[in-house]
Ligand code: ADP
């Protein structure tokens, strides 16, 4: 026991620990930095980058680390590059780490909810902003545990450096026992040192898991600044003042065609929405409502046709050429289209107020304080003043969707698009969101919303548009809900929620839709 304690504090062995730590730290940092770039390359759009990167990862992962180390140590001097044993070992360990870290990081990036990435793109986040503020903070939650594991494995692999003569902990233990044959106390002390170093790694991992990607830090920051009730009710919210020429529609969709594969999903759709107008898109599931809204945000390529927001095109450059992909984030940011998604697509790692502030802050370059002020006002508007610091998972579905609406409002949008905003909600939560949208509609903001709910459309919209099989086949004031002129619309009104219901054959006299009492059009 005495010998064991002696070796546990033996400076010669402790120096070996320091060497092992140096190898661990150097290889991990190098592996992470290069691995991050490789992870992006391995999933890049361009095959000339993707395949070579994947081949590199495949080869490095597939060959023994010891082989790589010996190869490097012997081959480099032949090429005229003589490195010290420590640097050779560090280089070999780093190369090996790049491949493993790349796969860990790639897994983390892929674990980020796709809807949130689509939302970030729709709001005009650049690829880099999306990566830094949406993907990395959330990906880290999946990356950190795997990386902790990798770091412990790497710590043990530092002992391989002894084969090229690096005097690290294992080699030093061997040297001592080869002289005094005190196997048990020396190797036990060495083992305990490795365990202590591993415990240090576990400690760092725990700290990172608790504090990164959970939104806690931001939440603490905001806790000191309560939301002032300076926003007033939703009805008093000033709608965005159009800077377009009077008479120009706020949203103008002109003969748009969209294809998925070899199937036409939108067929020459034309629709103009005037400033302050609220238009409800009705249509059964699969009729193309979501596709139309995504196309307005340039999330789908159009085959032909044009889309303009207050004369700004998202489909073409001012010279008439198709909008290049790299210019889309700026075009989207300039268009200022607020979007509310069916499945909320809130950023999971941000509190309600940070979600609402995300577009002014990350897309519109509004200073932090002003972005927070706008976000707080928007949260008051949707009745969530007391929930600003709640994380999305701490809110009900209805509250999450209201945060989604606040996020759209805080961006000072020219037009708000809502894609079936209540279809993912339990029936008892639909009312609060419907009510919020109804009140929003009365503020004079321009809105295009898709819905299955005929009663809701009747109560909120100035105009109802019926989409069937990718075409607008009927539109008009909500009165057309009482007297549909096409058999398809009449059939939809009889079974608006029955997605599985095949369209019935044209009925000579469609039964008019009767609005329940109290749900007369309000506008
Ligand atoms: P809605 O919103 O009216 O329910 P969608 O716009 O979501 O309808 O879909 C219209 C049609 O396009 C559907 O038949 C759907 O299966 C198809 N579709 C939607 N998204 C894609 C996609 N990414 N790839 C291929 N087909 C798609």
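The values are calculated or read from the model by the stated rules, or taken from the named source; none is laboratory data. In this text the structure is predicted, and so the values were computed from the model without any measurement. Positions of Cβ are backbone-derived with ideal geometry, glycine not excepted, and every protein chain shown enters the neighbour counts.
Filtering segment 254-265 for residues that are away from the ligand (no atom under 16 Å from the Cβ), in contact with a strand residue (DSSP E or B) (Cβ under 6 Å, 6 or more places away or on another chain) and in contact (Cβ under 8 Å) with a residue 40 or more places away in the chain leaves a non-empty set.
Would you check which residues across segment 172-187 are touching a residue at least 24 places away in the same chain (Cβ under 8 Å) and surrounded by fewer than 17 Cβ atoms within 10 Å (Cβ to Cβ) and list them? If the condition is that a residue be touching a residue at least 24 places away in the same chain (Cβ under 8 Å) and surrounded by fewer than 17 Cβ atoms within 10 Å (Cβ to Cβ), then 182, 184 are the ones that fit. Tally up the residues in segment 396-433 that are more than 16 Å from the ligand (Cβ to nearest atom) and either touching a strand residue (DSSP E or B) at 6+ places or on another chain (Cβ under 8 Å) or in a helix (DSSP H, G or I) (or both), please. Selection size over segment 396-433: 26.
Considering segment 441-482, the residues that are within 17 Å of residue 415 (Cβ to Cβ), surrounded by fewer than 22 Cβ atoms within 10 Å (Cβ to Cβ) and at pLDDT 90 or above include one that is farthest from the ligand (Cβ to nearest atom), namely 462. With respect to residue 283, is the statement that it is farther than 26 Å from residue 351 by Cβ, modelled with pLDDT of 85 or more, surrounded by 13 or more Cβ atoms within 10 Å (Cβ to Cβ) and within 13 Å of the ligand (Cβ to nearest atom) true? Yes.
Conditions tested, residue by residue: (1) under 27 Å from residue 158 (Cβ atoms); (2) touching a residue at least 40 places away in the same chain (Cβ under 8 Å).
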residue	(1), (2)
32	yes, yes
91	yes, no
101	yes, yes
113	no, yes
126	no, yes
133	no, yes
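Looking only at residues that are near the ligand (Cβ under 8 Å from one of its atoms), part of a loop (DSSP other than H, G, I, E, B) and crowded, with 18+ Cβ neighbours inside 10 Å in segment 286-299, which one is farthest from the chain's Cα centre (by Cα)? Restricting to residues being near the ligand (Cβ under 8 Å from one of its atoms), part of a loop (DSSP other than H, G, I, E, B) and crowded, with 18+ Cβ neighbours inside 10 Å, the top hit is 287. Contact annotation: residue pairs with Cβ atoms under 6 Å, 6 or more positions apart or on different chains, pairing a residue in segment 282-295 that is over 21 Å from residue 455 (Cα atoms) with a partner that is within 6 Å of the ligand (Cβ to nearest atom), are 291/265. Taking the criterion of being touching a residue at least 60 places away in the same chain (Cβ under 8 Å) and surrounded by fewer than 21 Cβ atoms within 10 Å (Cβ to Cβ), the only residue of segment 396-419 that qualifies is 412. The residues listed here are 272, 304; of these, the one that is more than 16 Å from the ligand (Cβ to nearest atom), surrounded by fewer than 21 Cβ atoms within 10 Å (Cβ to Cβ), in contact (Cβ under 8 Å) with a residue 24 or more places away in the chain and over 25 Å from the mean Cα position of the chain (by Cα) is 304. Being touching a residue at least 60 places away in the same chain (Cβ under 8 Å) and away from the ligand (no atom under 16 Å from the Cβ): is that true of residue 393 here? Judged against the criteria, residue 393 is not a match. Would it be correct to say that residue 326 is part of a strand (DSSP E or B) and away from the ligand (no atom under 16 Å from the Cβ)? Against the criterion (part of a strand (DSSP E or B) and away from the ligand (no atom under 16 Å from the Cβ)), residue 326 does not qualify. Against the conditions (1) in a loop (DSSP other than H, G, I, E, B); (2) away from the ligand (no atom under 16 Å from the Cβ); (3) surrounded by 19 or more Cβ atoms within 10 Å (Cβ to Cβ), residue 318 satisfies every one except (3). For segment 275-285, the candidate set comprises residues that are in a strand (DSSP E or B) and closer than 16 Å to residue 469 by Cβ; within that set, the residue that is farthest from the chain's Cα centre (by Cα) is 282. Test residue 19 against the stated conditions and say whether it is assigned to a loop (DSSP other than H, G, I, E, B) and either surrounded by fewer than 18 Cβ atoms within 10 Å (Cβ to Cβ) or in contact (Cβ under 8 Å) with a residue 60 or more places away in the chain (or both). Answer is no for this residue.
Restricting attention to segment 327-350, does a residue exist that is surrounded by fewer than 24 Cβ atoms within 10 Å (Cβ to Cβ), more than 19 Å from residue 416 (Cα to Cα) and over 15 Å from the mean Cα position of the chain (by Cα)? There is at least one residue in segment 327-350 that is surrounded by fewer than 24 Cβ atoms within 10 Å (Cβ to Cβ), more than 19 Å from residue 416 (Cα to Cα) and over 15 Å from the mean Cα position of the chain (by Cα). Just to be sure, is residue 134 surrounded by 21 or more Cβ atoms within 10 Å (Cβ to Cβ), within 40 Å of the chain's Cα centre (by Cα) and more than 22 Å from residue 53 (Cα to Cα)? Yes; evaluated as a whole, the condition is true for this residue.
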